[in-house]
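What follows draws every value from the coordinates through simple rules; no lab data is involved. Because the structure is a prediction, the values reported are computed rather than measured. Using ideal geometry, Cβ is built from the backbone for each residue, glycine included, and neighbour counts are taken over all protein chains shown.
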Amino acid sequence: MSPEIQQLLPLLLIGVVFYFLLIRPQQKRVKEHRAMVDGVRRGDTVVTAGGITGKVTKVRDDNIVQVEIAPDVKVDVVKSTLTDIRGKTEPATKGSAAAETAKNSGGLFGMFKKK
């Protein structure tokens, strides 16, 4: 091997190590955060970068969400400052568990039926 290549080999090795240990994991975290923020919707419980938790009441546009932090206290928050989504809401379906239970039990008056 020539001396020039021998001198460049440690620098290339350091570059490869930095890529796999620092750059690639950071890009993965940024991508996951972007997907999380893009997926926020009404009813989700979120945490902001300032540590404020609240429930999303409205997604205003691509960059702003309205968060209720206390009863009748709503603030507008920039989506990129959301650090975590604690409670994801699930879309209501026709056969939800509560509806099925009420239907099967006969509702409030179902307990008075004679069997």
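For this structure, a couple of remarks:
- Filtering 37, 59 for residues that are in contact with a Leu (Cβ under 9 Å, 6 or more places away or on another chain), within 15 Å of residue 85 (Cα to Cα) and not polar (S, T, N, Q) leaves a single hit, 37.
- Residue within the stretch 28-45 that is under 16 Å from residue 63 (Cα atoms), polar (S, T, N, Q), under 15 Å from the mean Cα position of the chain (by Cα) and surrounded by 12 or more Cβ atoms within 10 Å (Cβ to Cβ) present: no
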